Amino acid sequence: MNCSGCSPIHPIEDQGTLYMRPISPDLLDALQMQGRHVEHSDELVWMHFLNLESVQGCIEDILKIEAALLDKLMVQITPLHGQVDDDSWISPSMQESRFKHADLVSIILEHQFSSYMQPIVDASEKIIGFEFLLRPADHGRFFSAYELFEVARDTGLHSFLDRTARIAAIETSAVLLPQGVKRFVNFLPSSIYNPEYCLTHTFKAIERLSLDPKDFVFEVVETEQIQQMSILQHIFEVYRSHGMSVALDDVGAGFSTIELMNRLEPDFVKIDRSLIDRCDHDLTKQQQIIDIVEMSRRFGGRVLAEGIERIEEFEFCRSVGIDLAQGYYFGKPSAYPPQGPYGKTSA
């Protein structure tokens, strides 16, 4: 299976063709009852449109047909002289959402975002790396990263956005960071159906830019979306087989993340900010943090404390053996890193 969103995706033009599949007599009857003029082959149904309003109206009408027909129905919109692409079929509801959120969809399709960097430090407060975070482009429309990824999921574009965000982070790091500095790059496991295929663009970008794979740490986000542990384990294996490290985010946010950590044995364990916040005053949080540190030592995972905002939190984390940290206390996400020199990490 190929990743949805790995094929080129283009904005909808004023004129084009709306295709539907699978074809059935009931579908043809339902469309004709709506007064739609359609054409069809043995496999596809299609109708031409002359403007965006008319194709939007077509989608709205399609969503009114009976649920049994909608259950497996897929649609695809092509330019006037475009060809059907096997990897570009989406549900009618996803297409409706693309119309509804056209401004955010254009941000995704036109890559109107930037990669900001937040420093990661060692126990001596030297910067050893940066986490790359999606932010609005300079002079571009404002959005929150959460909002953008939610719209991407609703519109069938989350694989596309996840991939382009990874590539943007890699390219930004090539311009701004020296070799030897770690680059933590997020990825959505739900967007990677076939790691060998879906991650090809990532690996080619690193190779094209002559970057060292050992400098990259690919960080799992959205752990609540993980349905099959074997898929995520396989993703980890593919990253590691290319010389890269992997990290698990938000550890400690719930029991599931502790279980995930023990099963996945990531190279980096990032403790959730909810545990770090005022941990110097909370004995329960302190014990949870100590437990995570001890569990991580069993498989050699390096622990990173996220969300450090006070020196007291950092001091407690260092006292229990945590040697990496991140948070506003050390620096907010920025388009440019602070000037070196940077510390070195052996991981």
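The values are calculated or read from the model by the stated rules, or taken from the named source; none is laboratory data. Since this is a predicted model, take the numbers as computed values, not measurements. A quick note on method: Cβ atoms are made from the backbone with ideal geometry, for glycine too, and the neighbour counts reach across all protein chains shown. Each accessible area value is taken on the protein alone, full model and side chains, heavy atoms only, with ligands, DNA and RNA left out. Shrake-Rupley method; radii C 1.70, N 1.55, O 1.52, S 1.80 Å.
Return a yes/no flag: does the stretch 303-314 have any residue that is basic (Lys, Arg), within 19 Å of Asp122 (Cβ to Cβ) and part of a loop (DSSP other than H, G, I, E, B). Looking for residues that are basic (Lys, Arg), within 19 Å of Asp122 (Cβ to Cβ) and part of a loop (DSSP other than H, G, I, E, B), one finds at least one in the stretch 303-314, hence yes.
Among helices (runs of 4 or more DSSP H) entirely within the stretch 41-119, having at least 3 residues that are among the aliphatic types (A, V, I, L, M) and at pLDDT 95 or above singles out 102-109. Annotation: of all residues in the stretch 187-240 being among the aromatic types (Phe, Trp, Tyr) and not in a helix (DSSP H, G or I), the one that is modelled with the lowest pLDDT is Tyr193. Among the criteria (1) open to solvent by 30 Å² or more (accessible area, probe 1.4 Å); (2) at negative phi, the one Pro337 does not fulfil is (1). Residue-level analysis places Lys332 among those that are at pLDDT 95 or above, open to solvent by 80 Å² or more (accessible area, probe 1.4 Å), under 27 Å from Thr172 (Cα atoms) and within 27 Å of the chain's Cα centre (by Cα).
If you go through the stretch 307-320 one residue at a time, do you hit one that is small (Gly, Ala, Ser) and over 22 Å from Ala145 (Cβ atoms)? For the stretch 307-320, residues small (Gly, Ala, Ser) and over 22 Å from Ala145 (Cβ atoms): present.
Starting from residues that are closer than 17 Å to Arg21 by Cβ and more than 29 Å from the chain's Cα centre (by Cα), keep the ones in the stretch 46-60 and report whichever is most open to solvent (accessible area, probe 1.4 Å). For the stretch 46-60, the residue satisfying everything is His48.
Need pairs with beta-carbon distance below 6 Å; first residue at pLDDT 95 or above and hydrophobic (A, V, I, L, M, F, W, C) and within the stretch 170-181, second loosely packed, with under 15 Cβ neighbours inside 10 Å and in a loop (DSSP other than H, G, I, E, B); sequence gap 6+ or separate chains. From the stretch 170-181, the pairs are Ala174/Leu209. I'd like to verify a number: residues in the stretch 24-45 that are among the small types (Gly, Ala, Ser) and open to solvent by 60 Å² or more (accessible area, probe 1.4 Å), how many? Total satisfying the criteria: 1. All of Ala165, Ala145, Ala152, Ala137 fail the test of being open to solvent by less than 10 Å² (accessible area, probe 1.4 Å), within 18 Å of the chain's Cα centre (by Cα) and of a type in the set (Gly, Ala, Ser), apart from Ala152.
Scan the stretch 147-163 for residues that are assigned to a helix (DSSP H, G or I) and hydroxyl-bearing (Ser, Thr, Tyr) and jot them down. Listed by number, the list holds a single entry, Ser159. Taking (1) of a type in the set (Ser, Thr, Tyr); (2) touching a Ser or Thr at 6+ places or on another chain (Cβ under 7 Å); (3) more than 22 Å from Arg163 (Cβ to Cβ) in turn, Ser115 satisfies each apart from (3). Restricting the stretch 176-205 to residues that are surrounded by fewer than 19 Cβ atoms within 10 Å (Cβ to Cβ) and of a type in the set (A, V, I, L, M) leaves a set whose member that is nearest to Pro337 (Cα to Cα) is Leu176. Of all residues in the stretch 100-118, those that are on the phi > 0 side of the Ramachandran plot have Cβ atoms under 8 Å from Cβ atoms of residues that are of a type in the set (A, V, I, L, M) and modelled with pLDDT of 95 or more, 6 or more apart or on another chain, in His111/Ala168. For the stretch 315-329, the set of residues classified as in contact (Cβ under 8 Å) with a residue 40 or more places away in the chain and open to solvent by less than 50 Å² (accessible area, probe 1.4 Å) consists of Cys317, Ile322, Leu324, Ala325, Gln326, Gly327, listed by residue number. Scoring Pro92 on the criteria (1) over 16 Å from the mean Cα position of the chain (by Cα); (2) more than 30 Å from Glu315 (Cα to Cα); (3) open to solvent by 30 Å² or more (accessible area, probe 1.4 Å) leaves a single failure, condition (3). Can you work out which of the residues in the stretch 241-279 that are part of a helix (DSSP H, G or I) and without any contact (Cβ under 8 Å) to a residue 12 or more places away in the chain is nearest to Gly129 (Cα to Cα)? The extreme case among them is Ser241. When the stretch 257-293 is filtered for residues that are among the polar types (S, T, N, Q) and open to solvent by less than 70 Å² (accessible area, probe 1.4 Å), the ones remaining, listed by number, are Thr257, Asn262, Ser274, Gln286.
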